[in-house]
1. Quick check on the range 173-232: of everything there that is part of a strand (DSSP E or B) and basic (Lys, Arg), which residue is farthest from LYS261 (Cα to Cα)?
2. Name the pairs: first residue in the range 89-100 and under 14 Å from ILE57 (Cα atoms), second residue basic (Lys, Arg) and not in a strand (DSSP E or B), Cβ to Cβ under 7 Å, at least 6 apart or on different chains?
3. Going by what's in this entry, would GLY77 be described as without any contact (Cβ under 8 Å) to a residue 40 or more places away in the chain and at positive phi?
4. Run down LYS258, LYS303, LYS219 and say which single residue is within 24 Å of ASP170 (Cα to Cα) and surrounded by fewer than 17 Cβ atoms within 10 Å (Cβ to Cβ).
5. Tally the residues that are surrounded by 14 or more Cβ atoms within 10 Å (Cβ to Cβ) and either over 23 Å from VAL252 (Cβ atoms) or acidic (Asp, Glu) (or both), restricting the search to the range 179-206.
6. Which fully enclosed strands (runs of 3 or more DSSP E) of the range 334-409 have 3 or more residues being modelled with pLDDT of 90 or more?
7. Read through the list (1) within 23 Å of the chain's Cα centre (by Cα); (2) surrounded by 17 or more Cβ atoms within 10 Å (Cβ to Cβ); (3) closer than 25 Å to ASN355 by Cβ, then give the number of the only condition that LEU266 fails.
8. Collect the residues in the range 255-279 that are in a strand (DSSP E or B) and either of a type in the set (Ser, Thr, Tyr) or more than 28 Å from PHE294 (Cβ to Cβ) (or both), keeping them in residue-number order.
Amino acid sequence: MIKRYIIIGALLFSAYHLKAQEPDSVFKKTILNKTEVDFIYNHYVQDGNNSAITGGIGTEKLTVYGPSIAYKKIFQGKKTFFIKAGADIISSASTDNIDFNVSSASSVDTRSYININYAQQVNDKNLVISGGSGLSIESDYLSLPLRFGVSFPGKNPMRTYSLKLFTFFDDLRWGRLDSEFREPVGLVYPEELRYKRWFDIHKRYSYNFKFAFTQVVNKRNILGIFPEFVYQHGLLSTPFHRVYFNTGELKVENLPMKRLKGSLGLKLNSFLGGRTILKNELDFYGDTFGIIGFSIANETAIKLNSTISLAPFFRIYFQKASKYFAPYQEHSIEHEFYTSDYDLSSFNTYKLGINFRYAPYKYSIEKLALNELQLRYSFMYRTNNLRAHIISLFINTSFYKEAPPPFIP
């Protein structure tokens, strides 16, 4: 029920992995069948004083415990089957305020999810087609995604292109996980606003178009360009968010039923020589709600020896508010659309952190390899006084059908 997109986006290790080009090898690459298993744990703690549930004021305390496991099977380097399952166990003080009931059962919620994907190289020209689906369910939320992707090299082998299409079909009704109902009942409104139905729809549809272009500039630099477009329609308001007007009246948040989003990411990986790689990123964002965003980020990977590296990183994000946002009791009753959700306000966000990576490529037993272990910590501060600590643990292992060749550091 909470800001699930912030959580997921802040915690996962799935940031881009553009690598600096390595010198050509005289060794022939051996393609083996293998199985990879990833173990991931994310811990997110947040505090602030601008809860949208209580109209832009009040506690935003939130803790998320996020274990997950991912399984990937690779067949002769040409076919890949991937499945990931996990849960976000969410403890939220602000959620209780839907009913103004502190420490109720609703203060703890769980989002469970599973994602499945299959990819296959269809010819000798490295054309790869992929597709997948999954399920995400929470007490007041059910999402069914569909994914399709294609990637291929350009005429210049140092250039690659890819296109990914994502669709999400969301149902925002409550009741599926309640022991009394076990089926969707209706939307959740704030306690004192349940005298009427504020919305006559309960579904949301999202269509994401992601493009990617990467170019090996030289032996030290790789450039990536990542445009993305999103179209949404349906219930884009959060039905349990309150809005207080300057007249003293109270209503449920109301936003347009359609939204277009566009973003452009520019990423450059640079090998500085020695043991240092710079990962630089610029991102631009805009949407039809009037939000404009810009971010700059850097991660500097420093290899201490053959198995250990450290990577300090930072990200700075600037956002201009939506035309539908106003703080507590500052909306005019004449406004058609209105929200006091500070995720749609003007703010700056600063994030600092460090990533520890241990990659021994050590075979603890025959046909089993510990590829890497990562421990990542970051602190986030938003200028409306929202603060968060994020800790993530990632372990990657491989199981081979045949014993792999010895690793040469």
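The values are calculated or read from the model by the stated rules, or taken from the named source; none is laboratory data. All values derive from a computational prediction rather than experimental measurement. A quick note on method: Cβ atoms are made from the backbone with ideal geometry, for glycine too, and the neighbour counts reach across all protein chains shown.
1. Just the residues of the range 173-232 that are part of a strand (DSSP E or B), to begin with: 174, 186, 203-218, 221-232.
Subset that is basic (Lys, Arg): 203-204, 210.
Details: LYS203: 19, ARG204: 15, LYS210: 12 Å.
Top of the filtered list is LYS203.
2. ALA93/LYS61; SER94/LYS61
3. Working: without any contact (Cβ under 8 Å) to a residue 40 or more places away in the chain: no; at positive phi: yes.
It is false that GLY77 is without any contact (Cβ under 8 Å) to a residue 40 or more places away in the chain and at positive phi.
4. Values: LYS303 fails: within 24 Å of ASP170 (Cα to Cα); LYS219 fails: within 24 Å of ASP170 (Cα to Cα).
None of the others qualify; the one that does is LYS258.
5. Here the count works out to 0.
6. Per the criteria, 347-358, 368-382, 386-400.
7. Condition (2) is where LEU266 drops out.
8. We begin by selecting, within the range 255-279, every residue in a strand (DSSP E or B); these are 258-273, 276-279.
Of everything in the range 255-279, those that are in a strand (DSSP E or B) and either of a type in the set (Ser, Thr, Tyr) or more than 28 Å from PHE294 (Cβ to Cβ) (or both) turn out to be SER263, SER270, GLY273, THR276.
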